[in-house]
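Data first, discussion second: the structure below is written as structure tokens.
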Amino acid sequence: MYSQGLIGADGRTTESPEFLEAFQRRIDAEEKIEPNDAMPEGYRRTLVRQIGQHAHSEIVGMLPEGNWITRAPSLRRKAALLAKVQDEGGHGLYLYAAAETLGVSRDQMTEELLDGRAKYSSIFNYPTLTWADIGVIGWLVDGAAIMNQIPLCRCSYGPYARAMIRVCKEESFHQRQGYEIVMTLARGTPEQKAMAQDALNRWWWPSIMMFGPHDADSQHSDQSMAWKIKRFSNDELRQKFIDATVPQAEFIGLTIPDPDLTWNEAKGGYDHGPIDWDEFWRVVKGHGPMAKDRIKARRKAWDDGAWVREAALAHAEKRRARKMAAE
Amino acid sequence: MALFDAVLELADDHLVLGHRLSEWCGHAPMLEEDLAMPNMALDLIGTARTLYDYAATLEGQGRTEDDMAYLRGEREYRNLLLCERPNEDFAQTMLRQLYFAAFMHPYWQAAAGGGDEVIRGVAGKAVKEMAYHIRHAGEWVIRLGDGTEESARRMKDAVEALHLYTGELFEEGAAEGVDALPSRAAIKPAWEATIDHIFGQALLSRPVVQYPQTGGRRGLHGESLGHLLAEMQSVYRAHPGATW
Amino acid sequence: MSGEVPLWEVFIRPRNGLSHKHVGSIHAADEVMALQAARDVYTRRGEGNSIWVVPSAAITASDPDQAGENFEPTAEKIYRHPTFYDIPDEVGHM
């Protein structure tokens, strides 16, 4: 799963031109940057923000899909969904660890998520209303994620790139399990097919928006590209996603809910209708239908778990003391 | 059809407990547990699937594993009351897991040498899974029992809340006289040894239960199982005959 | 109490005959739970048969600013490599 294009990165930096030039030469030579290496403050800040947003997205992303684990309509689906949602948790864990190499702790990042300072992918602020949503999320949302994440495996920051390689390897089953669910519904009873189409109608536009604002409106994107934190522009990735997805929908007889969608022979890709950016920004700014509930659920898990974490630490302290006394 | 009934009882235990554990996914006290609990849940659901499938084969009426899981109501479910107890807090969840795994580990060990090929296969795999569940849940019970004042109180409350359901573990149920399955009553000493070993480190003691609770094997459940099943079966039952 | 649960580095041996390799990190209060967390997080797809966990704080790393003095002087000592020596082909593999 993944976050949208980075929101609100601040690549400003104060180092000397010589330092920045030398750093840029390393990047241009495709050298990886590792945790203890000297790096521009803006580079570090951009990464902390991006990896943090990415990690938060994985964690919050567990909620909409987790909403259906207890209702999955076959034991095979139940096991697959549980394994998938578990994977999202693992991906959040790898990513937090990658961010921790930059000197910010997981607890700090968690606090930022819970008090609203940190962003996460706005797609997870939509509700999952039927079982078909689980299929469509796997197909579209994980599909969009893969488009975004594969280039991140070559990101200039070593720990982020390594985490992404592991994430991509594990995610290869996610989109397939989603598409298989949708395909089964599309070939099922009329009610099941209607359920699949309804889910596609609701998730298509939010999925398209996952790639972030149009390139012309994307702040700080150029600096991220130069630093090779980002490798393709939002619009390039969005185009790739649409071109890959349209035939998949046609194959199972579902209709993409965009009347303006047409094949453009000249560019060798699809043209799509206008995106509702007002909705995008409304949801990004925390006014999505499920935004409050998502943070409330994360806050509850964190607060309810405090006594467990404290007990583990207290016990560890006792163990240490006993060991010392025995020596 | 004593074997059929006995296999179904085991399958229900595993599915219901696996379902309960899966409810934690995304809500655990720390991220590492968001991965650990689904691992245990997936072990249990995997075993349940094999057992339902076997039960369906024994019955020979063309039912599937999903028919078994999704089309029986609370009076037909045969799971132990322990398995259906709500998660409540992390202390109760870990203790419930320990109680169950500490029974199933020696049970599967005994079953691995039995006369039924399918059961031997299940046992061979499950015995390793249960060994890990004992370790994971057990280490948590120790940490919570001997952690902070609050965690120790919660752990004692958990023992208070759950111990009265453990007697049912040792009732033979439908397995009475079934050669392919071990005697459940005979597992008791091994179970007690495991629990005492962990409780000793967790500063807990095994209480004497005045009024043990039982009835799951006869479909006499607590009220929460009905809600669990209503939720679990809702989509499946809303679309009779559909494929998923 | 308000401490953070400590960070551990995880090393896994994919199979016997290979070395343990760094795969990532986890948080755990002590070494027993760290091993379990590493098992639950990093071996879900049969990635290995042995795990090491090390407190992240226990690792001493070389300073990247000293990378030049640490690692470059070795580059010119080509006589450490077998191809530095000329042996006639007739001698055979050596």
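The values are calculated or read from the model by the stated rules, or taken from the named source; none is laboratory data. These numbers come from a predicted model, not from an experiment. Backbone-built Cβ (ideal geometry, glycine too); neighbour counts: all protein chains shown. When the accessible area is computed, the model is the full protein with side chains, heavy atoms only, and any ligands, DNA or RNA have been set aside. Shrake-Rupley method; radii C 1.70, N 1.55, O 1.52, S 1.80 Å.
Points to keep in mind about this one:
- Checked against (1) touching a helix residue (DSSP H, G or I) at 6+ places or on another chain (Cβ under 6 Å); (2) open to solvent by less than 10 Å² (accessible area, probe 1.4 Å); (3) touching a residue at least 40 places away in the same chain (Cβ under 8 Å); (4) not aliphatic (A, V, I, L, M), B:Tyr54 meets all criteria but (2).
- One residue from A:Gly188, A:Gly212 being at positive phi and either away from chain B (no Cβ under 14 Å) or touching a Ser or Thr at 6+ places or on another chain (Cβ under 8 Å) (or both): A:Gly212
- Qualifying residue in region A:101-119 (condition: under 19 Å from A:Met290 (Cα atoms), in contact with an Asp or Glu (Cβ under 7 Å, 6 or more places away or on another chain) and more than 12 Å from every other protein chain (Cβ to nearest Cβ)): yes
- Region A:194-232, residues that are part of a loop (DSSP other than H, G, I, E, B), of a type in the set (Phe, Trp, Tyr) and open to solvent by 40 Å² or more (accessible area, probe 1.4 Å): A:Phe232
- Matching option when the condition is of a type in the set (S, T, N, Q) and under 28 Å from A:Lys318 (Cβ atoms), among C:Ser50, C:Ser25, C:Ser62: C:Ser25
- Scanning region B:153-204 for residues that are in contact with a helix residue (DSSP H, G or I) (Cβ under 7 Å, 6 or more places away or on another chain), among the small types (Gly, Ala, Ser) and open to solvent by 20 Å² or more (accessible area, probe 1.4 Å) turns up B:Ala161, B:Gly173, B:Ala174, B:Gly177, B:Ala185, B:Ala190.
- Residue in region B:95-122 that is farthest from B:Arg154 (Cα to Cα), counting only those that are buried (at least 24 other Cβ atoms within 10 Å of the Cβ) and in contact with a Phe, Trp or Tyr (Cβ under 7 Å, 6 or more places away or on another chain): B:Phe103
- Within region A:55-84, considering residues that are within 7 Å of chain B (Cβ to nearest Cβ) and outside any helix (DSSP H, G or I), the one surrounded by the most Cβ atoms within 10 Å (Cβ to Cβ): A:Pro73
- Out of A:Gly158, A:Gly143, one residue alone is away from chain B (no Cβ under 14 Å), open to solvent by less than 10 Å² (accessible area, probe 1.4 Å), closer than 17 Å to A:Ile242 by Cα and in contact with a Ser or Thr (Cβ under 9 Å, 6 or more places away or on another chain). It is A:Gly143.
- Among all residues of region A:85-100, there is none that is outside any helix (DSSP H, G or I) and either within 23 Å of the chain's Cα centre (by Cα) or surrounded by fewer than 23 Cβ atoms within 10 Å (Cβ to Cβ) (or both).
- Selection within region B:67-77 - within 14 Å of another protein chain (Cβ to nearest Cβ) and in contact with a Leu (Cβ under 6 Å, 6 or more places away or on another chain): B:Ala69
- Members of region A:167-182 that are more than 11 Å from chain B (Cβ to nearest Cβ) and either surrounded by fewer than 18 Cβ atoms within 10 Å (Cβ to Cβ) or touching a residue at least 60 places away in the same chain (Cβ under 8 Å) (or both): A:Val167, A:Cys168, A:Lys169, A:Glu170, A:Glu171, A:Ser172, A:Phe173, A:His174, A:Arg176, A:Gln177, A:Tyr179, A:Val182
- Close pairs (8 angstrom Cβ cut-off, 6 or more residues apart or separate chains): more than 9 Å from chain A (Cβ to nearest Cβ) and part of a helix (DSSP H, G or I) in region B:219-243, among the basic types (Lys, Arg) and open to solvent by 40 Å² or more (accessible area, probe 1.4 Å) anywhere: B:Ser224/B:Arg85
- Subset of region C:13-25 [closer than 13 Å to C:Val54 by Cα and either out of contact with any Asp or Glu (no Cβ under 6 Å at 6 or more places or on another chain) or at pLDDT below 95 (or both)]: C:His20, C:Lys21, C:His22, C:Val23, C:Gly24
- Region B:19-45, subset in contact (Cβ under 8 Å) with a residue 24 or more places away in the chain, open to solvent by 10 Å² or more (accessible area, probe 1.4 Å) and facing another protein chain (nearest Cβ under 7 Å), residue farthest from A:Ser105 (Cα to Cα): B:Leu42
- Per-region count, region A:305-327, residues more than 7 Å from chain B (Cβ to nearest Cβ) and either closer than 19 Å to A:Thr110 by Cα or open to solvent by less than 80 Å² (accessible area, probe 1.4 Å) (or both): 5
- Within region C:1-22, if we keep just the residues that are under 21 Å from A:Tyr96 (Cβ atoms) and either over 19 Å from the mean Cα position of the chain (by Cα) or within 8 Å of chain A (Cβ to nearest Cβ) (or both), the residue that is least open to solvent (accessible area, probe 1.4 Å) turns out to be C:Val5.
- Criterion (within 13 Å of chain A (Cβ to nearest Cβ) and within 21 Å of A:Arg106 (Cβ to Cβ)) met by exactly one of C:Pro55, C:Pro64: C:Pro55
- Region A:103-134: number of residues that are open to solvent by less than 30 Å² (accessible area, probe 1.4 Å) and either in contact with a Leu (Cβ under 6 Å, 6 or more places away or on another chain) or without any contact (Cβ under 8 Å) to a residue 24 or more places away in the chain (or both): 3
- Any hit, region B:74-87, residues being within 13 Å of the chain's Cα centre (by Cα), in contact (Cβ under 8 Å) with a residue 24 or more places away in the chain and closer than 30 Å to C:Leu7 by Cβ: yes
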